[in-house]
1. Give LEU134, LEU146 a once-over and let me know the one that is touching a helix residue (DSSP H, G or I) at 6+ places or on another chain (Cβ under 7 Å) and surrounded by 21 or more Cβ atoms within 10 Å (Cβ to Cβ).
2. Please specify each residue of region 1-11 satisfying the condition of being assigned to a strand (DSSP E or B) and among the charged types (D, E, K, R).
3. Of the residues ARG218, ARG139, which is of a type outside the set (Asp, Glu), loosely packed, with under 14 Cβ neighbours inside 10 Å, in the same structural domain as GLY236 (by TED's automatic domain parsing) and assigned to a helix (DSSP H, G or I)?
4. Among the residues in region 28-49, are any under 30 Å from ARG126 (Cα atoms), at pLDDT below 95 and not assigned by TED's automatic domain parsing to the domain that holds LEU114?
5. Taking strands (runs of 3 or more DSSP E) that do not extend beyond region 12-90, which have at least 3 residues that are touching a strand residue (DSSP E or B) at 6+ places or on another chain (Cβ under 7 Å) and surrounded by 19 or more Cβ atoms within 10 Å (Cβ to Cβ)?
6. In this structure, is LEU199 under 30 Å from ARG81 (Cβ atoms), outside any loop (DSSP other than H, G, I, E, B), outside the structural domain of GLU8 (by TED's automatic domain parsing) and modelled with pLDDT of 90 or more?
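The values are calculated or read from the model by the stated rules, or taken from the named source; none is laboratory data. All of these numbers come straight from a predicted model, not from anything done at the bench. Neighbour counts run over all protein chains shown; Cβ positions are idealised from the backbone, glycine included.
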Amino acid sequence: MSRYTSDEGIVLKTSEFGEIDRIVTLFTRKRGKFQAIAKGARKVGNRFGASLDLFSFSEFLFYTASGMPLIVQGKIQKLFRDLLRTPLRWMAGEYLLCVLDRVFPFERREEELLDEVLMLWEIFLRHEEAVLPLLVRFRLDVARALGVFPELRECVRCRKKITGTPCFFSIASGGVVCDSCSREAQRLFPLSLRELEVLQALVDTPLGYGVKSSQEDRKAFEVLDVLVAQYLSYQGERKIPDFSSFLGRELSW
């Protein structure tokens, strides 16, 4: 069996290793999230070029003997450097990587999420106004891939359809709960009926279609941004910030 393998994917993050090397956390088509060593990657004029940069989709050649695989070479398939032109696009593109790095398990193949990241990067370049709704949608798709997609139409406890207010989302129970069941549910997040309708419409809309929203809906997405961050943090057992907090913290440096 050959010790050389090829795969294509994106870089989630890198960290320094030794004097001139890097440990690279990748998300690839065949393996999902895993780590590899890029020897000499910190040297000026190294052989990897921009293939290890954020917002690069590349094909990699790996050598595996024992322990962590080595990245032998990287060939860029597509660059999304134009995301760096505005802070909002930059941070939105990086936030996708942050979510996968923090809550997605190692060595779990999930091609659809890789393709979704690439599609969202493309959309962010053309439609900056769609950033927040699509980041809400992406985290729900991550929850689906993890097998913890929330119930959004019926009370998760009594199975009655949610038709009025007040209504709540139980982060611990995994979905919406009616007023009657809310007394026994844990980790409640209050939702208006409009916020719930916006969330339902978002998951029903095929990815890639334009997201048009009123001022009221934009306020709803700000609430939903916080909700899905808390939900995915709880289910993934590792805290991720909501995008508004992530954006504010990064831009304050």
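1. Working: LEU146 fails: surrounded by 21 or more Cβ atoms within 10 Å (Cβ to Cβ).
Unique residue meeting the criteria: LEU134.
2. If we filter region 1-11 for residues that are assigned to a strand (DSSP E or B), which is where we start, we get 4-11.
Residues satisfying the conditions are ASP7, GLU8.
3. ARG218
4. yes
5. On the way: elements: 21-28, 32-38, 56-63, 70-79.
The strands (runs of 3 or more DSSP E) meeting that bar are 21-28, 32-38, 56-63.
6. Working: under 30 Å from ARG81 (Cβ atoms): no; outside any loop (DSSP other than H, G, I, E, B): yes; outside the structural domain of GLU8 (by TED's automatic domain parsing): yes; modelled with pLDDT of 90 or more: yes.
No, not satisfied.
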